[in-house]
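In what follows, a structure is listed as structure tokens, so that the remarks can point back to it.
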Amino acid sequence: MYVKNQMTTDVVTVFKDASIDLAFQLMIEKGCKQLPVIDNGQLVGCVTEQLLSEVSPSKATTLSMYELNYLLSKTKVKDIMIKDMPTGTPDMLMEDAAQLLINSGVDSLPITEGKKLVGIITRTDILKSYLELTGVGEIGTRVSIKAKDETGILADITGIIKDFNINIAHVANYDHIGSDDAGEIIIRLASTETETLIKALEASGYEILSVRQNLNE
């Protein structure tokens, strides 16, 4: 799955000469914690909720309301923005975008072509793509099978499923970190009529850890 398939193209941005007061208002109105900074259609930086909070006067300030408003209106986004913001590209794989988000410690990743901002990917988008890849919410049956990490195991399991003429919608493999036990193979089947198949898998020596059916999308 690629970033271009999940990114938001209608991005909330702020121009570099905007006041931090305006940036705060945008974040509150749009419900975002990070704003790309644009200059002539090109990405030049980023401001975050935390960054704006750090440069704003605290509640304990002795400034009058007039002085406070004046200060907020005069401080520009370009004066505090992060200039070396990590970015992604539309053709980047979602897992690479997720890794970049984790390594950078940011909540969203601006997506650019050259320096032109074309979209944005957030942590929520990453989670949604994971759910899509695993088939959560689709009609069918989720089967968790205990299986050793050995050559041919997956082929053997899918061969048994094929004999029952049931389509495999999604497959995932999970290792038990820190354990010498076998991991799990998670298979989502595009059918809810799987009772006989489950018995056949067990008869072939496979331990079924869980079976969960979803009858409604």
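L197 fails exactly one of the following numbered conditions: (1) more than 30 Å from V106 (Cβ to Cβ); (2) part of a strand (DSSP E or B); (3) of a type in the set (A, V, I, L, M). What is the number of that condition?
(2)
Does T62 satisfy being in a loop (DSSP other than H, G, I, E, B) and either open to solvent by 90 Å² or more (accessible area, probe 1.4 Å) or modelled with pLDDT of 90 or more (or both)?
Judged against the criteria, T62 is a match.
What residue, of E217, E195, is at pLDDT 90 or above and either of a type in the set (D, E, K, R) or open to solvent by less than 40 Å² (accessible area, probe 1.4 Å) (or both)?
E195
Please work out if A190 is under 28 Å from Q6 (Cα atoms) and in contact with a Gly (Cβ under 8 Å, 6 or more places away or on another chain).
Working: under 28 Å from Q6 (Cα atoms): yes; in contact with a Gly (Cβ under 8 Å, 6 or more places away or on another chain): yes.
Yes; evaluated as a whole, the condition is true for this residue.
Return yes when L109 is part of a helix (DSSP H, G or I) and either within 25 Å of the chain's Cα centre (by Cα) or surrounded by 19 or more Cβ atoms within 10 Å (Cβ to Cβ) (or both) and no when it is not. Spell out how you get there, then give the answer.
Working: part of a helix (DSSP H, G or I): no; either within 25 Å of the chain's Cα centre (by Cα) or surrounded by 19 or more Cβ atoms within 10 Å (Cβ to Cβ) (or both): yes.
Answer is no for this residue.
Search the stretch 1-31 for residues being in contact with a Gly (Cβ under 8 Å, 6 or more places away or on another chain) and of a type in the set (K, R), and hand back the single one that is farthest from L52 (Cα to Cα).
Among those that are in contact with a Gly (Cβ under 8 Å, 6 or more places away or on another chain) and of a type in the set (K, R), it is K4.
Residue under question is G183, and the condition is that it be open to solvent by less than 70 Å² (accessible area, probe 1.4 Å), at pLDDT below 85 and within 25 Å of P36 (Cα to Cα); does it hold?
Against the criterion (open to solvent by less than 70 Å² (accessible area, probe 1.4 Å), at pLDDT below 85 and within 25 Å of P36 (Cα to Cα)), G183 does not qualify.
I need the full set of residues from the stretch 1-52 which are among the small types (G, A, S) and either closer than 13 Å to T75 by Cα or in contact with a Cys (Cβ under 8 Å, 6 or more places away or on another chain) (or both), in order please.
Within the stretch 1-52, A18, S19, A23 meet the criteria.
Each row is one residue, and each column tells you yes or no for (1) part of a loop (DSSP other than H, G, I, E, B); (2) crowded, with 17+ Cβ neighbours inside 10 Å; (3) of a type outside the set (G, A, S).
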site: D10; (1), (2), (3): yes, no, yes
site: F24; (1), (2), (3): no, yes, yes
site: C32; (1), (2), (3): yes, yes, yes
site: C46; (1), (2), (3): no, yes, yes
site: Q50; (1), (2), (3): no, no, yes
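Those residues that are within 13 Å of V44 (Cα to Cα), at pLDDT below 90 and either small (G, A, S) or in a strand (DSSP E or B) (or both), I need them from the stretch 112-131; list them, please.
G114, the sole residue that qualifies.
Only one residue in A147, A172 is crowded, with 18+ Cβ neighbours inside 10 Å and modelled with pLDDT under 90, so which one is that? Show your work before the answer.
Numbers: A172 fails: crowded, with 18+ Cβ neighbours inside 10 Å.
Testing whether each residue is crowded, with 18+ Cβ neighbours inside 10 Å and modelled with pLDDT under 90 leaves just A147.
The values are calculated or read from the model by the stated rules, or taken from the named source; none is laboratory data. Remember, it's a predicted structure, so these values are computed and weren't measured experimentally. Note that we place each Cβ from the backbone using ideal geometry, even for glycine, and neighbour counts take in every protein chain shown. Note: accessible area is taken over every heavy atom of the protein model, side chains too, but ligands, DNA and RNA are not part of it. Shrake-Rupley method; radii C 1.70, N 1.55, O 1.52, S 1.80 Å.
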